[in-house]
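Worksheet: the structure to be examined is printed underneath.
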Amino acid sequence: MTAAWRALVALLALACGACSSLSALERDRAAAIAAQARSTVVECAAADACARPSPLRELGARALADSTPEQPRHYALLLEYGQDALLSRLDLIRGAQRSIDLQTYIFDEDDAGHLVLDELLAAVRRGVRVRVLVDQLSALRQVDTLAALASAHVNFELRIYNPVLSRARISYPMYAWAAACCWRRLNQRMHSKLLLVDGLVGITGGRNYQDDYYDWNPEFNFRDRDVLVGGPATAEMSANFEAFWAAPLSVPVERLDDVGGYLLKQGAPALPQWPYEDPERVAAVSRTAGDTDLVRERLADVALPVGEVLFIGDLPQKHRRDREAAAAAVYASPLLNNLIESAQDEVLLQTPYLVLSKQAQAMFARMHERDPPPRVVVSTNSLAATDSFITYALSYKYKRRYLRDFGFEIHEFKPFPEDAPIDLEATGAVDISWNADGSVNIRAPEAPADAAAPREPRGRADMGVSGSGSGSGSDGRREPPLSREYAALRYAGVGVHQRVPLKRAGVRFGLHAKSLVIDNRIGVVGTHNFDPRGDDYNTESAVIIEDPAFARALGDSIRRDTAPENAWVIARRDKPPVFSGLEYSLTKVSEHLPVFDLWPVRYATSYEFQPGPQCPAPLSPFDPGFRACHEPVGDFPEVNLGFRTLLTRIFTAFGAGLAPIL
């Protein structure tokens, strides 16, 4: 038997195994095992569940007390730094008195994920009801961890959203089988994110529960953004969470085939004692969260008082087979598009993945035809910074259209930003110390970092503790959940989901924030990447605040990310001395081809600002003096080109068909 036949037989055998499922009786037995094992011990009899004082929870209580139906009052806090975002979550969880609802796309078993789990379980033992809803493709790594959480406590519930093949975790071959049998359902993911405490305060935005989102990864971290809201708008957040929690696609984890099978065979496991990779860092943030005065000064006191706040969120019915019913459950995309098209002067758009739907392209084309058109400034990733190589290829393909037809001013985030809201010390990748005069010493990594290499497994596997379930490889290594947005392309090919190698070493950062500012008066922070996937497949949510102070603060943050220290600007290449019109025509024709795009000369490239007496500030790429103050640095600055160049060309040429799911 040839190797190909053996692989086919193995895949078919595994596929058949994936199709086998527990009977209804077996699911009931597994659920009963978990229920019987759950602790009923509550360590606190106080009405407030012995909650710690929480300055952030107090914001919500104060806003509700000051609100009337005619004049709602809210507090809004932008969470730019990863450490502040983690600190806010710990403060709210410790301050919870009745309930915690957590909804997320990714929940990893690394230090950040384990710390949040520890805090949630501590709240449960105090008497707080905790509900956690996680998308299947990015749920916790191990089946035994899921079984232990399902059996942990009567106050703790865990559900998995849209479990393809009725499993909490699926392996690579199972994924291939699911793609073959159920491609649309496999792509329908819950990208919504929410942490809601006592119905008073909610956090939404781009961050998941993984080290990468809190500056805790020594190799790569996301520059992200959340918004904390306290006030009446949390009622809409709560209603949206309830809709997801009650949806048929949200399945109690103990009723899934792999977790239920584990419970039937091995009983309810005890909660694992997971060792932290960096216990000192975890202890430090835990101590900081316990410092009420510091939390109040650093976070609560800088929250902005605002009036009306609108929370919008798609409903799980977006994933129904009935297209008409599904369309009625879509709220985020139409509202966001209407907001953008209402702009009169300026749109600030920040998205990590600049891939626009046909509707969005038509909208921006209409806006560009106005006289005068509103200015559109876009903050997005460079190839060197992105975590989604294949998505950047599609963005690269349409640069001419974005610049010429839509008038975008595109700024691509650098992998080593000099002035972004990031915490280098927290990453553990560099040694930082302070001198007596307040200056800082930074020691860079000693060896070049191979960004294309996978991260070493961490957690219990490093301690020699074996696990079960599809998350473990044959060599004992544990596969992490997805670390990027495009779950449907997780196994699309060798290397396409990995970051490209760079020319120099260091911890790199990639943009992950999804935000919007309209005319310096409306600010939006949410989960939507303003892409076809968010329009058609993922469920999304966002907070919309019409308040000049909030819009200015958000706009200043986005503009900081577009500053020359942090981003390259994209502009047209210098015209060739001859046949420039012919080259442009060939470029445009090639771009519009549905499959092939092989014209080797691109319309635009990256530029670096060169300050000087005649160039005190960077200019718009459409300014006549732009080239006098900006130097071209190539299509892919900082990238260590090689085989990836060929892959870029391949996906530029053939990737157009992937646009609907990107």
Segments 300-306, 127-133, 322-328, 178-184 sorted - mean Cβ within 10 Å per residue, highest first: 127-133, 300-306, 178-184, 322-328
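Let me know the Kirkwood hydrodynamic radius for region 149-200, please, with Cα pairs as the basis and the value in Å to one decimal.
Details: mean 1/r = 0.0738 Å⁻¹.
Value: 13.5 Å, from the Cα pair sum.
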Region 275-430: translational diffusion in µm²/s, Stokes-Einstein, Kirkwood Rh over Cα pairs, 25 °C, 0.890 mPa s: 124 µm²/s
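Could you put 514, 503 in order, starting from the residue whose Cβ has the fewest other Cβ atoms within 10 Å? Don't skip to the answer; put the middle values down first.
Details: 514 28, 503 11.
By the 10 Å Cβ count, ascending, the order reads 503, 514.
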5 angstrom amide H check on residue 250, placed H, neighbours 5+ away: 162
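Which of the residue pairs 397/503; 318/514; 193/265; 358/397; 358/575; 318/397 have a Cα-Cα distance greater than 26 Å in the structure shown? Intermediate values should be presented prior to the final figure.
Numbers: 397/503 24 Å; 318/514 21 Å; 193/265 34 Å; 358/397 15 Å; 358/575 29 Å; 318/397 30 Å.
Check vs 26 Å cut-off fails for 193/265; 358/575; 318/397.
Mind checking the full-extension length gain between residue 35 and residue 52? Use 0.36 nm per residue of separation minus the Cα-Cα distance, one decimal, nm. Each step should come with its number before you reach the end.
Numbers: separation 17, 0.36 × 17 = 6.12 nm, distance 2.91 nm.
Residue separation times 0.36 nm, minus the Cα-Cα distance, leaves 3.2 nm.
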By average C-beta atoms within 10 angstrom, highest first, the peptides 358-369, 85-96: 85-96, 358-369
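Which order do 222, 609 fall in if you start with the one that has the fewest other Cβ atoms within 10 Å? Walk me through the numbers on the way to the answer.
Values: 222 26, 609 19.
Sorted ascending by nearby Cβ count, the order is 609, 222.
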Whole-angstrom Cα spans of region 283-350 along principal axes, big to small: 51, 37, 23
Long-range HN-HN contacts of residue 153 with modeled amide H, under 5 Å: 39
Residue 172 versus residue 505: modelled label distance in nm, points set 7 Å from Cα along the beta carbon direction: 2.9 nm
Relative contact order, percent, region 128-238 [alpha-carbon distance under 8 Å, six or more residues apart]: 20 percent
Amide H contacts under 5 Å for residue 299, placed H, 5+ residues apart: none
Potential extension, residue 627-residue 273 segment - 0.36 nm per residue separation minus Cα distance: 121.6 nm
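List the relative contact order of region 86-151 as a percent without decimals, with contacts defined as Cα pairs under 8 Å and 6+ residues apart. Kindly include the intermediate steps, with their values, before the conclusion.
Working: 60 pairs, mean separation 26.9, N = 66.
That works out to 41 percent.
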Calculated from backbone phi, Karplus (6.51, -1.76, 1.60) coupling profile of region 366-377 in Hz, x at Gly/Pro: 4, 5, 6, 7, 5, 10, x, x, x, 6, 10, 9
Region 42-164, relative contact order [Cα under 8 Å, separation at least 6], %: 26 percent
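Work out how much length residue 327 to residue 565 would gain on full extension: take 0.36 nm times their residue separation and subtract the Cα-Cα distance, in nm to one decimal. Could you put the intermediate results ahead of the total?
On the way: separation 238, 0.36 × 238 = 85.68 nm, distance 4.21 nm.
Computed gain between residue 327 and residue 565 is 81.5 nm.
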In sequence order, calculated HN-Hα J values of region 333-348 (Karplus, 6.51, -1.76, 1.60; Hz; x Gly/Pro): 4, x, 5, 5, 5, 4, 4, 4, 6, 7, 4, 9, 10, 7, 10, 9
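How do 204, 605 rank when sorted from fewest to most other Cβ atoms within 10 Å of their own Cβ?
Fewest-to-most ranking of 204, 605: 605, 204.
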Net charge of neighbours whose Cβ lies under 12 Å from the Cβ of residue 159, counting Lys and Arg as +1 and Asp and Glu as -1: -2
Nearest-0.05 FRET efficiency for residue 28 and residue 419, computed from C-beta distance (R0 51 Å): 0.35
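Bear in mind that the values in this text are calculations on the coordinates, not laboratory data. These figures come from a predicted structure and were not determined experimentally. So basically every Cβ, Gly included, is an ideal-geometry build from the backbone, and we count neighbours across all protein chains shown.
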